[in-house]
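Asker: After the structure tokens below, expect a handful of questions from me.
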Amino acid sequence: MGWVIAEFPETREILVDDKPQGPNRWPNGEYRTIIIDDGDHTFRLGPPPDGTPAAQKLVVEKTSVLAPLHVVFTKV
């Protein structure tokens, strides 16, 4: 089991291996932790296409609820 936080300045749908995982933030603006299987995954932001990089291929391993993997996207 892996824990991931997708950082982006706005609320955006997160896609893991092209499957929607819900928004990156809660309605109050705090980041939401996504729970996925350990292993190789591709992370993307949902539309509009104003984040970079367009996709990130990362290995999720050795994460925990207290130490999630942070996937960072920058607004362009």
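The values are calculated or read from the model by the stated rules, or taken from the named source; none is laboratory data. Since we're looking at a predicted model, the values are computed, not measured. Here the Cβ positions follow ideal geometry from the backbone for every residue, glycine too, while neighbour counts run over all protein chains shown. Heavy atoms of the whole protein, side chains included, go into the accessibility calculation; ligands, DNA and RNA do not. Shrake-Rupley method; radii C 1.70, N 1.55, O 1.52, S 1.80 Å.
Asker: If you scan the range 50-74, which residues turn out to be part of a loop (DSSP other than H, G, I, E, B) and of a type in the set (Lys, Arg)?
Answerer: Within the range 50-74, just Lys62 meets the criteria.
Asker: Here is a list of conditions, (1) part of a loop (DSSP other than H, G, I, E, B); (2) surrounded by 12 or more Cβ atoms within 10 Å (Cβ to Cβ); (3) of a type in the set (S, T, N, Q), and Thr42 meets all of them except one; can you say which number that is?
Answerer: Evaluating Thr42 over (1) part of a loop (DSSP other than H, G, I, E, B); (2) surrounded by 12 or more Cβ atoms within 10 Å (Cβ to Cβ); (3) of a type in the set (S, T, N, Q) leaves (1) as the failure.
Asker: Quick check on my filter: what residues within the range 60-76 are surrounded by 11 or more Cβ atoms within 10 Å (Cβ to Cβ) and either small (Gly, Ala, Ser) or touching a His at 6+ places or on another chain (Cβ under 8 Å) (or both)?
Answerer: Val60
Asker: Open to solvent by less than 30 Å² (accessible area, probe 1.4 Å), of a type in the set (Lys, Arg), within 12 Å of the chain's Cα centre (by Cα) and at pLDDT 95 or above: does that describe Arg12?
Answerer: It is true that Arg12 is open to solvent by less than 30 Å² (accessible area, probe 1.4 Å), of a type in the set (Lys, Arg), within 12 Å of the chain's Cα centre (by Cα) and at pLDDT 95 or above.
Asker: Identify all residues within the range 15-32 that are in a strand (DSSP E or B) and either touching a residue at least 60 places away in the same chain (Cβ under 8 Å) or surrounded by 14 or more Cβ atoms within 10 Å (Cβ to Cβ) (or both); write none if there are none.
Answerer: So in the range 15-32, the residues in a strand (DSSP E or B) come out as 15-16, 19-23, 25, 31.
Selection gives Leu15, Val16, Gln21, Pro23, Arg25, Tyr31.
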